[in-house]
Amino acid sequence: MFSRKIDTDTEIRLSLPQYAEEIFTLTDTNRSFLRQWLPWLDQTQTAADTREFIVEQLHRFAKGEAVHVTIFVSDSVAGVAGFNQIDRANGIGTIGYWLAEKYNGRGIMTRVVSDLIAIARDTLMLQKIDIRCATNNHKSRAVPERLKFHHEGTLRRAENLYGTWVNHEIYALLLPYGEGDTPNP
Ligand SMILES: CC(C)(COP(=O)(O)OP(=O)(O)OC[C@H]1O[C@@H](n2cnc3c(N)ncnc32)[C@H](O)[C@@H]1OP(=O)(O)O)[C@@H](O)C(=O)NCCC(=O)NCCS
């Protein structure tokens, strides 16, 4: 288990099955807020569904394919984040995240993603980080924009969100991968 302090009240911890009940309760109370942009809400109906998801993420963590963390604010679960996918062959990690509505507007996710960048650089040794956001998801797009990710382009019809096709905007940050390499000039 690892945990990292983000600020005086906030920390991230590797997601464990014992958090499932609290994560599910938060998911359930924020269902309509999260359902605007996340495609999996209808498949998450019980705490057992959340537990199963976390166990799967731990298996993927063990294989170096993902890192799923739970965000705690004053010791209560506020949301989740992490590398949904790690492409080891190419050194690319794809970040995903959500925060309960009441924790929006405080800069929490921007600070968490900033820490995930440090993990990618110092521990996972990745050379590139991607974040993909639906075109109209302005609050999500603002996170990589605040952190100076480069807008790489638009993927058309990238996701079917409850019967509606949405485009994705891809943001990316290059990380130094060797002495003298200075990406993102
Ligand atoms: C996407 C999501 C995580 C963004 O949350 P957020 O609270 O807007 O993002 P942050 O935690 O980084 O906070 C930024 C906000 O806090 C404000 N803020 C306050 N203090 C701040 C600080 N020190 N640093 C940065 N921002 C700060 C910013 O001005 C901004 O507010 P604004 O939206 O009114 O401009 C959240 O809306 C969410 O979970 N949505 C549903 C799920 C989703 O869309 N997931 C992403 C799929 S790609």
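Computed quantities for the displayed model
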| quantity | calculated |
| --- | --- |
| Region 39-60, residues that are within 24 Å of Cys133 (Cβ to Cβ) and either more than 17 Å from the chain's Cα centre (by Cα) or surrounded by 15 or more Cβ atoms within 10 Å (Cβ to Cβ) (or both) | Leu41, Asp42, Gln43, Thr44, Thr50, Phe53, Ile54, Gln57, Arg60 |
| Region 26-41 residues that are under 22 Å from Phe72 (Cβ atoms), paired with ones that are surrounded by fewer than 18 Cβ atoms within 10 Å (Cβ to Cβ) and among the acidic types (Asp, Glu) (beta carbon under 6 Å, 6 or more apart) | Asn30/Glu101; Phe33/Glu101 |
| Odd one out for Asp115, checked against (1) within 13 Å of the ligand (Cβ to nearest atom); (2) among the charged types (D, E, K, R); (3) without any contact (Cβ under 8 Å) to a residue 60 or more places away in the chain | (3) |
| Checking Ser76 against (1) farther than 24 Å from Thr10 by Cβ; (2) among the small types (Gly, Ala, Ser); (3) more than 15 Å from the chain's Cα centre (by Cα), the condition it does not meet | (1) |
| Qualifying residue in region 86-108 (condition: in contact with a helix residue (DSSP H, G or I) (Cβ under 8 Å, 6 or more places away or on another chain), under 24 Å from Ser32 (Cβ atoms) and assigned to a helix (DSSP H, G or I)) | yes |
| Residue that is farthest from Arg88 (Cα to Cα), among those in region 120-133 that are out of contact with any Leu (no Cβ under 7 Å at 6 or more places or on another chain) and in a strand (DSSP E or B) | Cys133 |
| Residue match in region 153-162 (condition: in a loop (DSSP other than H, G, I, E, B) and within 11 Å of the ligand (Cβ to nearest atom)) | no |
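Computed from the coordinates by the stated procedures, all read-outs in this text should not be read as laboratory data. Since this is a predicted model, take the numbers as computed values, not measurements. With ideal geometry, Cβ positions are generated from the backbone for all residues, glycine too; neighbour counts draw on all protein chains shown.
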